[in-house]
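Okay, so here's the structure we're looking at.
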Amino acid sequence: MEHGRAGEFDEFVAARWSALVHLARLLVGGDRHRAEDLLQESLVKLWFVWPRVAEDAPESYVRKVMARAAARSSRRRWWGERPVEQLPEVAAARDVSADVAERSRLETALAQLSPKQRAAVVLRYYQDLPEGQVAEALGCPVGTARSHAARGVAQLRQLLADVIEPAR
């Protein structure tokens, strides 16, 4: 790959890293480490096809790869982690407990959905993709993607209903 293309790839990754990590985290049910692994694997695949997809839609390609890989990886029991003797230092965080609690609650609820439902809900409502693109990313017909999203949203409503009170 020529140097200019590599620079474009680096710029794309730098510009979209945060959003892609968040998407990956939602796709894997909240596990930050698995999300980063998922994104790294997807970006490696993007690197190899970068000359073909750079002009069209690299983010769409990464979303599709992540959605499919997340669904496949949920069937695995072991992801290749190895224990280490010394843990890395944890960065100090500011107090954002209300945001974290709400995000954790949503991620916990998302983790209880099936991988296909979770991917459909995240792609459709978090990424705001049209049903056709969700279906393409999941590799299924539009009706099936719509069904996964509807069932996922219904299950999320049930899981989150205990906290949400109707307005009076």
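The values are calculated or read from the model by the stated rules, or taken from the named source; none is laboratory data. The structure presented is a predicted model; accordingly, all values stated were derived computationally and were not measured. In this analysis, Cβ positions are derived from the backbone assuming ideal geometry, glycine residues included, and neighbour counts consider all displayed protein chains. Accessible surface areas use protein heavy atoms only, side chains included; no ligands, DNA or RNA. Shrake-Rupley method; radii C 1.70, N 1.55, O 1.52, S 1.80 Å.
Can you find, within the range 17-52, the residue that is farthest from Ala111 (Cα to Cα) among those that are of a type in the set (D, E, K, R) and more than 13 Å from the chain's Cα centre (by Cα)?
Ranking the candidates gives Arg52 first.
Restricting the search to the range 131-159, which residues are open to solvent by less than 50 Å² (accessible area, probe 1.4 Å) and under 19 Å from Arg63 (Cα atoms)? The answer is Gly132, Val134, Ala135, Ala137, Leu138, Cys140, Ala145, His148, Ala149, Gly152. Just one of the listed residues (Ala119, Ala101, Ala137, Ala109) is without any contact (Cβ under 8 Å) to a residue 40 or more places away in the chain, of a type in the set (A, V, I, L, M), in a helix (DSSP H, G or I) and on the phi < 0 side of the Ramachandran plot, namely Ala101. If the condition is being part of a loop (DSSP other than H, G, I, E, B) and either modelled with pLDDT of 85 or more or under 14 Å from Ala119 (Cα atoms) (or both), then the range 28-39 contributes Val28, Gly29, Gly30. Under 16 Å from the mean Cα position of the chain (by Cα) and more than 23 Å from Asp31 (Cβ to Cβ): is that true of Glu136 in this structure? Against the criterion (under 16 Å from the mean Cα position of the chain (by Cα) and more than 23 Å from Asp31 (Cβ to Cβ)), Glu136 qualifies. Remark: pairs (first residue in the range 40-66, within 15 Å of Ala119 (Cβ to Cβ); second residue open to solvent by 20 Å² or more (accessible area, probe 1.4 Å) and among the polar types (S, T, N, Q); Cβ separation under 8 Å; 6+ apart in sequence or on different chains) = Ser60/Gln133; Arg63/Gln127.
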